[in-house]
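> Below is the structure I would like to discuss, written out as structure tokens.
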Amino acid sequence: MTSKVTEIAPDIYRISAVHPDFGFQFNQFLVKDDEPFLMHTGMKKSFPVTLDGVSSVLDPARLRWIGFSHFESDECGALNEWLAVAPQAQAVCGFVGAMVSVNDFADRPARALADDEVLSTGRHRLRYLATPHVPHCWEAGLFFDEATRALLCSDLFFQPGDPDALTESDVVGPAADALRGNLSGPMAKDMPYTSYTDATLRRLAALRPQTLAIMHGSSFRGDGGKALLELASVLAKTIGPAAGS
């Protein structure tokens with residue numbers, strides 16, 4: 001595995017590698033600032049690959065904040081490796097994630113953020129948005145950079161394979177195809193549909209993001225709000241109350 005590094009928005013770098021066991025991309029996002037922020041640690045066994053990518057942008061020892069959506073290996077599996085490399089680094093996540101999993105797992109306690117709390121890293125302002133079960137897991141949450149209008153959206157808009165780093169064309173279509181293709185099989189039904197899924201996606205759309213930093217697949221530049229509303233419609237028709245209609 002080797003990492004590819006692409007600047008997808010001012011001072012936001014996409015660090016991407018295709019995992020041979022899965023056949024699709026695992027992407028981390030580095031915000032280069034006074035207090036550098038990394039979204040997703042990558043898996044523990046992939047740490048050297050991610051470390052190389054971060055090192056091509058800045059000294060990894062400068063890393064200050066490590067964020068993620070939910071407690072899963074690709075989201076935070078290498079958290080303790082990053083804490084060892086960066087002495088001032090601290091995990092940052094929602095209250096539920098910190099209390100239920102992260103503070104027991106991590107070598108240093110996490111900073112727990114309230115819904116809508118803003119983490120300032122210098123020029124960038126990262127707003128934490130609690131999104132329970134979107135994309136999945138009780139503790140799920142996302143970060144929105146108010147400076148660049150970039151939404152760090154974790155597993156939303158999953159696309160398989162090794163597509164381009166950044167696209168200005170359709171990301172909803174490939175994500176919809178992947179969602180429908182994953183309705184059966186051993187890894188089926190990875191995304192639940194709850195009574196607040198639609199409202200959560202509409203809340204994200206209302207932020208009017210201009211960049212969608214997608215964990216698996218191409219990042220998107222364009223009308224992110226429109227893409228989120230279209231994704232909400234796809235989910236409702238595929239796994240929600242309108243499924244099969």
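> I need the full set of residues from segment 175-216 which are of a type outside the set (A, V, I, L, M), assigned to a helix (DSSP H, G or I) and either within 28 Å of ALA147 (Cα to Cα) or touching a helix residue (DSSP H, G or I) at 6+ places or on another chain (Cβ under 9 Å) (or both), in order please.
Correct list: ARG180, THR197, ASP198, THR200, ARG202, ARG203.
> Follow-up question, since we're still on this one. Can you go through ASP21, ASP74 and tell me which one is under 17 Å from ILE214 (Cα atoms), acidic (Asp, Glu) and open to solvent by 10 Å² or more (accessible area, probe 1.4 Å)?
ASP74
> Specify which of the listed residues (ILE66, ILE8, ILE15) is assigned to a strand (DSSP E or B), touching a Phe, Trp or Tyr at 6+ places or on another chain (Cβ under 6 Å) and open to solvent by less than 10 Å² (accessible area, probe 1.4 Å).
Result of the check over ILE66, ILE8, ILE15: ILE66.
> Give the number of residues within segment 83-100 that are surrounded by fewer than 19 Cβ atoms within 10 Å (Cβ to Cβ) and either in contact with a Cys (Cβ under 8 Å, 6 or more places away or on another chain) or small (Gly, Ala, Ser) (or both).
Adding up the residues that qualify gives 1.
> I would also like to ask the following. Evaluate segment 28-45: report whether one residue or more is polar (S, T, N, Q), within 17 Å of the chain's Cα centre (by Cα), part of a strand (DSSP E or B) and buried (at least 23 other Cβ atoms within 10 Å of the Cβ).
Yes, segment 28-45 has at least one match.
> Checking GLY122 against (1) surrounded by 16 or more Cβ atoms within 10 Å (Cβ to Cβ); (2) at positive phi, which test does it fail?
All conditions are met except number (1).
> Could you figure out which of (1) at pLDDT 95 or above; (2) in a loop (DSSP other than H, G, I, E, B); (3) touching a Phe, Trp or Tyr at 6+ places or on another chain (Cβ under 8 Å) isn't true of GLY240?
(1)
The values are calculated or read from the model by the stated rules, or taken from the named source; none is laboratory data. Given the structure is predicted, the values throughout are model-derived calculations rather than measurements. Don't worry about glycine lacking a Cβ; one is built from the backbone with ideal geometry, like all the others, and counts go over all protein chains shown. Side chains are part of the model used for accessible areas, which takes the heavy atoms of the whole protein and leaves out ligands, DNA and RNA. Shrake-Rupley method; radii C 1.70, N 1.55, O 1.52, S 1.80 Å.
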